[in-house]
Amino acid sequence: MIEGYIVLLRAHAPLLAIAVPLAVAALTALIASPRVAWVVASFGALTTAMIAVDMAGRILLGGTQPLMQEGVGLGVDAVGAFGAAIVSLGALLAVIAAGATLKDFGKAAPFALATGLAASAAWSGVVLARDFVGLFVGAQAGWLAVAGVVALAALRDRAGLNGALRMLSAGGVSAALMLLGIGLLATSINGVELSVLATNWHGAPISAATGLALISIALAICAAIAPLHAWAPISYARGGAFAGLLIGTVASAGALCGLARLIAFGVASPEVGGGVSLALSVLGGASVLVGSAQAVGAASLRRLAAYAVAVQGGCILLGIALGSPAGFEAAFVQLFGLVASVLALIGGAAAAGGDTLGALDGLGRRAPLASVAITAGALSLMGAPLSIGFLGRWRLIEAALGVGWWWVAAVAIAASLAGVFYGGRLIERLYFRRASTAVAASRDPWRFALAPALLSAIAAVALGLQPIVLLHAAESASQLVLGRAE
Amino acid sequence: MTPALALTGMFVVPLVQAILVVLLPRPPGLRDVLHIGLSLLTAGLAVYLLNTVAHGVPVRVVFAQPLPNVDLAFSAEPLGALVAVVIAGLSVLHAAHTTGFVRATGEKAASGLMAFNALAAAAAMAVAYSSNLFTMFVAYQALALVASPLAARRDDEDAGRSVRTFLATILAPSMGLFLPAMVWTYTIAGTAEFQAGGILAGRGLDEGTANVLLVLFVVGLAMSAMPPFYQWLSATSGATYPSLVSIQALAVLPAGGLAVLKIAAFVFGSELNDAKLAAHALVAIAGVGMCIAALIALSKQDLRERLAYSCMAQALAVVMGALLALSAGLFAAALQIVATMCAATTLMMAAGTTAAVTGRRNAADYPGLGRVMPWTFAGFAVASASMIGMPPFAGAWAKVWLIIAAATPGAGLIWAAVLIGVAAVLTFAHLGPLAAAALAARAPTDAFKRPDGASILLATPVIVGAAATLWLLVLADPLASFLSPVWTPHP
């Protein structure tokens, strides 16, 4: 009988990947004790992650036919399964890491955790949406949830409100663009289903392409792609560690996966495929260059993480823009690298108890494990060999050379070069500088927050050493989605 | 023991060595015995592998497969095995000298110094044993990272700047130039695996691509001190002597030269003939750079700075030999690496011994010191003569082969031969009078900071290093036949 229930649950995994975190979020919000709420939220996030990873494993590695349908506007394909797994894993680690910073939220800690879980559910909804309505609802709900967590950080730092206001403003623009785009697309392709996007271009390709471009820009805003990321630095820096982790691992990852799904249909269309690729590659290239320049001059670790997300996001867009299975594969590998790097950097800094670059001075001696996590994140951002970042860069350069896009390879190299400077600066501060007396005397934070950062650091290296499973999953996702779009 | 196990041990033993010397800093005697003993074990493994290669037994170990069709793999071939055995052998001397140095100077965090010296040597040997471009890239980056703490070991407040310059000038070119060249080569050849004769040979590469690839590879390997990315060498010249031995003589600089040589022999091979424009331009830059480096060395009073530029001049000779596209050039480059490692390590250790027991670091303070430290300065003189290229010392063979290779009709680069000669004269100018004055001038009355002079741990490695430099003199012919598979394509 139990086996029967498991089969039933697995059959409805897409629905559960959204419903479970929402239900647990409601339960968490009702609990008064922050610690108990954290335990419940962690358990809910763990359950969600297991459901999503199992679903992704069945689709990407087990050969299960994708495009499972659910009656509430969900349709699972390979990219959706991949994205849901990454979003839910990111949410799990962010919630666990939040244990160290619960005091920042005071009595509102259960509500912050509940909002984080709701964000996870909403962004999973984006990557699993069957139609544009689901995409819109998921993106807006997810965005508001993350902005809510940033706003809650104002209980400790009033500047958090500034970040939340910027997020709301950017979200408003994003929502308007997305609605307009959906309207244009819906009238052009005679429907709101994502699956008809690849085939029904013939009526009004210009209007459909404009709609696609507007939705893409809206998602790019949510993904903090430069130069559309004006909201990101302050939200990362003043929204607290939990908000930073949620933005990087849930919102950005979800938005980029949603974008990848959308573009997979767009590039397959002969009418507009070339234009979509070009526009996306220009945006991706700009994001890499602008983000790199800003990261080199960043004054705090979380701001640096915000700019590094723009760089990584730009590389992901470049991979998607190539329109080839190899390009998509490179994008998915880099998406994983982005999540691992953000977790390692922000989680490590949270565990070490400091965010300013000065707080990192001499951290290698004071908090060696946190320093290892930050180092792994920095090395991955650099694209250092045997890290997941290197794997992503290699696949991107290989894919770019494969289709003759030399400048994309050059931009990827520029991203690595900039990474050497800003990542190298972190390593220098960690191991080759002495801490100021005030910093050295600071109290050690709760070490449990270190676990997600260390796990991410281990994943960043382990997947760089033996990436066969990740590569296979990414390859399956890219080929399934492109094959279906064609 | 199997050869594969020995090859694995070449990396595991130094790692264990580094961990043990950090975990067991006291008593210092135990730490020192572990440091020297495990270095000796590594050297034994290297000799075993060299012997295995000499008997034609293939050795290859795969650690991981990070990319489809690209392994993180190490293999023993003649060139790598030879350089690795020299690194491992000299590491034993370096380990003994370091223990003597830290005892004489009361160096802080001596265990860390020993650990990173061991790791740097292991990473350099990883470059030597690398089986493909990817593994070489990984080992190269690892070497830069483990050597950076050594660059930070200095007496002044410039440690941060030194490390920044070191990492930036080594990692940035490798990421910006070497990495794209590696991926490009992989897409052209469909493999990254080193192969005698060159993996690019016979792929129908056009001249433009071959020229661009060669520039990307050679300039991207900044550890070879090839201009314009040589600043890391001068930035680290303020480090303590045991660190300098690793950076300039034993690990970092030789690894850069070896990497260029492996690229020339195993990636380009005969394809170098299609990249003549770039090759000749790079030979010219290296040749002029050699002369300028030797000239700058002449202007430096601090021995550490003088030796840094002197080593740079010697390293650039390796690049010249590798790019001549001739067997003679490749052999000259290989011999130059080995001879320079022996001579530079001996010189650095002799200067370190001098600094430890007399506190003297400037060239102007050296006259007469050979009278009170005869063994140390005998070694200093032998090593200087080898660096200069004076017959019959080992460096002379390398220079002679280099000049012959440059001047042969196959290369036709008479000007390159002239540049090598000029650099040798300038090297004589900055090392010859120094050694002569140290041995011939009147002994200073207040030579020793330490009343008991140089300990056996400080003097013996210098003497043995000098002996190795002399021993190489008789090894030129056996080495030529041992290394011949490097430039002989597989049928």
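A:LEU262: within 18 Å of the chain's Cα centre (by Cα), within 22 Å of A:GLY211 (Cα to Cα), of a type in the set (A, V, I, L, M, F, W, C) and modelled with pLDDT under 90, yes or no?
Yes, satisfied.
Can you pull out the helices (runs of 4 or more DSSP H) entirely within the stretch A:305-398 that have at least 3 residues that are under 22 Å from A:CYS222 (Cβ atoms)? Full working, then the answer.
Values: elements: A:325-352, A:363-366, A:368-382.
Here the list reads A:325-352.
Quick one: what pairs do we get from the stretch B:382-398, first residue hydroxyl-bearing (Ser, Thr, Tyr), second not in a helix (DSSP H, G or I), C-beta under 7 Å, 6+ apart or different chains?
Close Cβ pairs satisfying both conditions: B:SER386/B:PHE393.
Quick one: in the stretch A:130-173, which of the residues that are of a type in the set (Val, Ile, Thr) and under 30 Å from A:LEU184 (Cβ atoms) is nearest to the chain's Cα centre (by Cα)?
Among those residues, the one meeting the criterion is A:VAL146.
Which numbered condition trips up B:PRO25, out of (1) of a type outside the set (Asp, Glu); (2) in a helix (DSSP H, G or I); (3) more than 16 Å from B:VAL127 (Cβ to Cβ)?
The number of the failed condition is (2).
Do you know which residues across the stretch A:400-410 are in contact with a helix residue (DSSP H, G or I) (Cβ under 8 Å, 6 or more places away or on another chain), more than 9 Å from chain B (Cβ to nearest Cβ) and surrounded by fewer than 24 Cβ atoms within 10 Å (Cβ to Cβ)?
A:VAL403, A:TRP405, A:TRP406, A:TRP407, listed by residue number.
Any idea which of (1) at pLDDT 85 or above; (2) within 11 Å of chain B (Cβ to nearest Cβ) is the one A:GLY377 doesn't satisfy?
(2)
Quick grid of which residues meet (1) within 22 Å of the chain's Cα centre (by Cα); (2) of a type outside the set (S, T, N, Q); (3) crowded, with 22+ Cβ neighbours inside 10 Å:
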{"position": "B:VAL21", "(1), (2), (3)": "no, yes, yes"}
{"position": "B:GLY44", "(1), (2), (3)": "yes, yes, no"}
{"position": "B:TYR48", "(1), (2), (3)": "yes, yes, no"}
{"position": "B:THR52", "(1), (2), (3)": "no, no, no"}
{"position": "B:GLU77", "(1), (2), (3)": "yes, yes, yes"}
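Please indicate, with yes or no, whether at least one residue in the stretch B:136-150 is of a type outside the set (D, E, K, R), surrounded by fewer than 24 Cβ atoms within 10 Å (Cβ to Cβ) and more than 20 Å from the chain's Cα centre (by Cα).
no
Quick check, is B:ARG153 more than 8 Å from chain A (Cβ to nearest Cβ), at pLDDT below 90 and buried (at least 20 other Cβ atoms within 10 Å of the Cβ)?
The answer is yes for B:ARG153.
This table checks each residue for (1) of a type in the set (A, V, I, L, M, F, W, C); (2) surrounded by fewer than 24 Cβ atoms within 10 Å (Cβ to Cβ); (3) at pLDDT below 90; (4) over 21 Å from A:ALA45 (Cα atoms).
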site	(1), (2), (3), (4)
A:PRO110	no, no, no, no
A:ASP131	no, yes, yes, yes
A:GLY134	no, yes, yes, yes
A:THR187	no, yes, yes, yes
A:LEU197	yes, no, yes, yes
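Please go through the stretch B:28-80 and give me each residue that is in contact with a Phe, Trp or Tyr (Cβ under 7 Å, 6 or more places away or on another chain), farther than 30 Å from A:ALA399 by Cβ and either of a type in the set (S, T, N, Q) or assigned to a helix (DSSP H, G or I) (or both), ordered by number.
Residues satisfying the conditions are B:ALA54, B:PRO78, B:GLY80.
Here's a check for you: in the stretch A:10-32, which residue that is surrounded by fewer than 20 Cβ atoms within 10 Å (Cβ to Cβ) and of a type in the set (Gly, Ala, Ser) is farthest from A:GLY80 (Cα to Cα)?
Looking at the filtered set, the residue picked out is A:ALA32.
One residue is enough: does the stretch A:274-294 have a residue meeting the conditions under 21 Å from A:ALA91 (Cβ atoms) and modelled with pLDDT of 85 or more?
Initial filter on the stretch A:274-294 (under 21 Å from A:ALA91 (Cβ atoms)): none.
Checked the stretch A:274-294: no residue is under 21 Å from A:ALA91 (Cβ atoms) and modelled with pLDDT of 85 or more.
Examine the stretch B:153-168 for a residue that is in a loop (DSSP other than H, G, I, E, B), more than 21 Å from B:LEU261 (Cβ to Cβ) and among the basic types (Lys, Arg), and state whether such a residue exists. Reasoning before the result, please.
Of the residues in the stretch B:153-168, the ones in a loop (DSSP other than H, G, I, E, B) are B:153, B:155-158.
Still in the list and also more than 21 Å from B:LEU261 (Cβ to Cβ): B:153, B:155-158.
Checking which are among the basic types (Lys, Arg) leaves us with B:153.
Yes, the stretch B:153-168 contains a residue that is in a loop (DSSP other than H, G, I, E, B), more than 21 Å from B:LEU261 (Cβ to Cβ) and among the basic types (Lys, Arg).
Looking only at the stretch A:33-50, filter to residues that are closer than 17 Å to A:ALA108 by Cβ and small (Gly, Ala, Ser); which one of those is surrounded by the most Cβ atoms within 10 Å (Cβ to Cβ)?
Per the criteria, the residue is A:ALA41.
Give me the residue from the stretch B:204-214 that is touching a residue at least 12 places away in the same chain (Cβ under 8 Å) and part of a helix (DSSP H, G or I) and, out of that set, farthest from B:GLN65 (Cα to Cα).
B:GLU207
Could you look through the stretch B:166-179, keep only residues that are buried (at least 24 other Cβ atoms within 10 Å of the Cβ) and at the interface with another protein chain (Cβ under 7 Å from one of its Cβ atoms), and pick out the one that is farthest from B:LEU145 (Cα to Cα)?
Only one residue fits best here, namely B:LEU179.
The rows are residues; the columns are (1) surrounded by fewer than 24 Cβ atoms within 10 Å (Cβ to Cβ); (2) touching a Pro at 6+ places or on another chain (Cβ under 7 Å); (3) aromatic (Phe, Trp, Tyr).
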{"position": "B:THR209", "(1), (2), (3)": "yes, no, no"}
{"position": "B:PHE229", "(1), (2), (3)": "yes, yes, yes"}
{"position": "B:ILE263", "(1), (2), (3)": "no, no, no"}
{"position": "B:LEU272", "(1), (2), (3)": "no, no, no"}
{"position": "B:ALA281", "(1), (2), (3)": "yes, no, no"}
{"position": "B:VAL288", "(1), (2), (3)": "yes, no, no"}
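Looking at the stretch B:433-443, can you tell me whether even one residue there is small (Gly, Ala, Ser), at pLDDT 90 or above, more than 15 Å from B:ALA332 (Cβ to Cβ) and part of a helix (DSSP H, G or I)?
At the first step, the residues of the stretch B:433-443 found to be small (Gly, Ala, Ser) are B:435-438, B:440-441, B:443.
Next, from what is left, pick out any that are at pLDDT 90 or above: none.
Scanning the stretch B:433-443 turns up no residue that is small (Gly, Ala, Ser), at pLDDT 90 or above, more than 15 Å from B:ALA332 (Cβ to Cβ) and part of a helix (DSSP H, G or I).
Which condition from (1) more than 23 Å from A:GLY383 (Cβ to Cβ); (2) out of contact with any Cys (no Cβ under 9 Å at 6 or more places or on another chain); (3) at pLDDT 85 or above is the one that A:THR356 breaks?
(3)
Quick test of your reading of the structure: B:ALA126 fulfils all but one of (1) in a helix (DSSP H, G or I); (2) more than 10 Å from chain A (Cβ to nearest Cβ); (3) surrounded by fewer than 23 Cβ atoms within 10 Å (Cβ to Cβ). Name the failing condition by number.
(3)
Using beta carbons and a limit of 6 Å, which pairs, at least six apart or on different chains, have the first residue in the stretch A:423-436 and closer than 16 Å to B:ALA151 by Cβ and at the interface with chain B (Cβ under 10 Å from one of its Cβ atoms) and the second one acidic (Asp, Glu) and surrounded by 20 or more Cβ atoms within 10 Å (Cβ to Cβ)?
Filtered contacts from the stretch A:423-436: A:ARG429/A:ASP361; A:ARG433/A:ASP361.
Given the criteria touching a residue at least 40 places away in the same chain (Cβ under 8 Å), at the interface with chain B (Cβ under 7 Å from one of its Cβ atoms), buried (at least 20 other Cβ atoms within 10 Å of the Cβ) and within 22 Å of the chain's Cα centre (by Cα), does A:LEU386 qualify?
Spelling it out, A:LEU386 is indeed touching a residue at least 40 places away in the same chain (Cβ under 8 Å), at the interface with chain B (Cβ under 7 Å from one of its Cβ atoms), buried (at least 20 other Cβ atoms within 10 Å of the Cβ) and within 22 Å of the chain's Cα centre (by Cα).
Taking the stated definitions as given, is A:ALA268 under 19 Å from A:MET382 (Cα atoms), modelled with pLDDT under 90 and part of a loop (DSSP other than H, G, I, E, B)?
Taking the combined requirement at face value, the residue does not satisfy it.
Quick one: in the stretch B:187-203, which of the residues that are farther than 19 Å from B:TYR129 by Cα and either touching a helix residue (DSSP H, G or I) at 6+ places or on another chain (Cβ under 7 Å) or assigned to a loop (DSSP other than H, G, I, E, B) (or both) is nearest to the other protein chains (Cβ to nearest Cβ)?
B:THR187
Considering B:SER162, B:SER224, B:SER237, which residue is buried (at least 21 other Cβ atoms within 10 Å of the Cβ), within 11 Å of chain A (Cβ to nearest Cβ) and under 20 Å from B:ALA293 (Cα atoms)?
Working: B:SER224 fails: within 11 Å of chain A (Cβ to nearest Cβ); B:SER237 fails: within 11 Å of chain A (Cβ to nearest Cβ).
Every option except B:SER162 fails the conditions.
The values are calculated or read from the model by the stated rules, or taken from the named source; none is laboratory data. Everything numeric here is computed off the predicted structure, so don't read it as measured data. Cβ: placed from backbone, ideal geometry, glycine included. Neighbour counts: every protein chain shown.
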